[in-house]
1. Go over the candidates GLY264, GLY302 one by one and state the one that is away from the ligand (no atom under 16 Å from the Cβ), assigned to a loop (DSSP other than H, G, I, E, B) and not hydrophobic (A, V, I, L, M, F, W, C).
2. Here are VAL219, VAL212: which of them is crowded, with 18+ Cβ neighbours inside 10 Å, within 16 Å of the ligand (Cβ to nearest atom) and farther than 13 Å from GLN129 by Cβ?
3. Against the condition without any contact (Cβ under 8 Å) to a residue 60 or more places away in the chain and surrounded by fewer than 22 Cβ atoms within 10 Å (Cβ to Cβ), how does SER279 come out, does it pass?
4. Are there any pairs with C-beta distances below 7 angstrom linking a residue in region 159-175 that is more than 11 Å from the ligand (Cβ to nearest atom) to a residue that is part of a loop (DSSP other than H, G, I, E, B) and modelled with pLDDT of 95 or more, with the two at least 6 apart or on different chains, and if so which?
5. Taking the residues in region 295-306 that are surrounded by fewer than 22 Cβ atoms within 10 Å (Cβ to Cβ) and among the hydrophobic types (A, V, I, L, M, F, W, C) as candidates, determine which candidate is farthest from PHE274 (Cα to Cα).
6. State whether one or more residues within region 122-134 are within 29 Å of SER242 (Cα to Cα), touching a helix residue (DSSP H, G or I) at 6+ places or on another chain (Cβ under 6 Å) and not in a helix (DSSP H, G or I).
7. Does ASP43 qualify as being charged (D, E, K, R), surrounded by fewer than 19 Cβ atoms within 10 Å (Cβ to Cβ) and free of Cβ contacts under 8 Å to residues at least 12 places away in the same chain?
8. Out of (1) modelled with pLDDT of 95 or more; (2) of a type in the set (D, E, K, R); (3) away from the ligand (no atom under 13 Å from the Cβ), what's the single condition that is false for GLU273?
Amino acid sequence: MARRLNTVLEHVKPSGRDTEDHEHLKQHLLIQSLAAQMHLSKDRLKEMALYMLHEMHHGLEPNNSSTLRMLPSFVYKADPDRSAGVVYALDLGGSNFRVIRMELAKGTVLSRRAHKAKIPETIIAGGTQTQLFDFIADTILIATKKFGRAEEAREALRLGFTFSFPTQQHAINSGSLIRWTKQFKVSGTEGNDVVRLLSDAFSRKKIGFRIVALCNDTVGTLIARFLNDSTAMSGVILGTGSNACYWEKNSRILKCREAQSKPGDGEMVINMEFGNFDSAKMVVLPATKYDNELDAESENAGAQRLEKMISGKYLGEIARRVIVDFAKLNVLPNALADRLKAPYSFESRFVGTCFADRHPGLPDTHDVFKREYDIDIAHEGHRRILRTICRLVSNRAAQLAGMAIAAVLLKRNAQADATVAVDGSVFEKQPYFRKCMREAISAVLGDAEGVRLVLTTDGSGIGAGCIAALQE
Ligand code: BGC
């Protein structure tokens, strides 16, 4: 149906002389076409979950070609009560960077302070690794001063480094960046050990911290929850980027010699890097022309195709591309095509605002376009189309995220009783996201009563601190 409608729409050219009936029909067809491509049926979700399970199994084997990296984290199920002392954690994964100081005793966080700094766009979009890691070190010096503990920066305190990009770890405290994601483009980093790059910056700035743990934000989030909840099975981030990790049996991690050599039936956290799911052949992902164009123009074309359908970095951009296209086809005001022509100029939070607009006349949708783009969307019909676009983009993201979580639970046969620790702005701030995710989980699992989605705010940094506090 979607293909047929697309063919029809190729012939629906913009025209200033459309009659009202003609215009309504065009609007209807365009929205229907988009909905047909974006809505995922139960069967479609099950099919995708099945393929994800296949890729998970495959990704745990040595020398595999799975699109899921399934990266060993070297974080084993340990008694969290052993974590104790003063530790620092660094959280790097988006445009904001955080330094956290924590004091722990018997696995309980006694005190916590945090300092946040925005990473200059010039570094993110084209800086060098020295600039990035010097910025991190300088921010640590500012943070310790702010905490009234300037002297601590010179001490050999333990530090956990949350680095939220695909990283091939060799041990708990070393790992090479495979490839930047989320539009980061910092030279001299890919292929290098980020712990070494950070400790070089520490030497330059005379910082004494010992980097005892490196972890992904999903891993930090899972561990932060696991400290108080032994049913925590998976850590999920739905923010600027998207990803999940989960506890896997050591015996199943065929590609990791260390895990294989552990006695007993222990478990290690696996960082799935699910954002890259199905990127090689697009076997099951529902890509529209908007997704394909967004991907082609991104910093990492051909990679992270699932992430580009569900994350905060991209949701606004997908919606923007649809809006501009619809405006060019004359079913939305032409001015939109001009005002929204710059890539990434429609923020993901606006998708949430428009989708959540349930008031008569859709005043919030009107406000977003008036306030941010100085366009008066005078016709309610147009406001309704804008809202529908945002709903379709957001719903599809939530369905895909739910499908991925269901696959993880199926992998561990944990669907009857499991906590999934989730963090990230898309999950937290986009209204209806959680509800739609739950529906998708139920669609795949049948019954999802025993699945608890728990918001674990700031888990990535806290978890890194806890992991550091478990190390010598
Ligand atoms: C990265 C993951 C990370 C996720 C959420 C993705 O772009 O590849 O490592 O966990 O974003 O921050």
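The values are calculated or read from the model by the stated rules, or taken from the named source; none is laboratory data. This is a predicted model, so every value here is computed, not measured. FYI the Cβ positions are ideal-geometry reconstructions off the backbone, even for glycines, and counts take in every protein chain you see.
1. Selected residue: GLY264, the only one of GLY264, GLY302 that is away from the ligand (no atom under 16 Å from the Cβ), assigned to a loop (DSSP other than H, G, I, E, B) and not hydrophobic (A, V, I, L, M, F, W, C).
2. Being crowded, with 18+ Cβ neighbours inside 10 Å, within 16 Å of the ligand (Cβ to nearest atom) and farther than 13 Å from GLN129 by Cβ holds for just one of VAL219, VAL212, which is VAL219.
3. Judged against the criteria, SER279 is not a match.
4. LEU159/PHE209; GLN168/ILE178
5. My answer is ALA296.
6. Scanning region 122-134, I find no residue that is within 29 Å of SER242 (Cα to Cα), touching a helix residue (DSSP H, G or I) at 6+ places or on another chain (Cβ under 6 Å) and not in a helix (DSSP H, G or I), so the answer is no.
7. yes
8. Every condition holds for GLU273 apart from (3).
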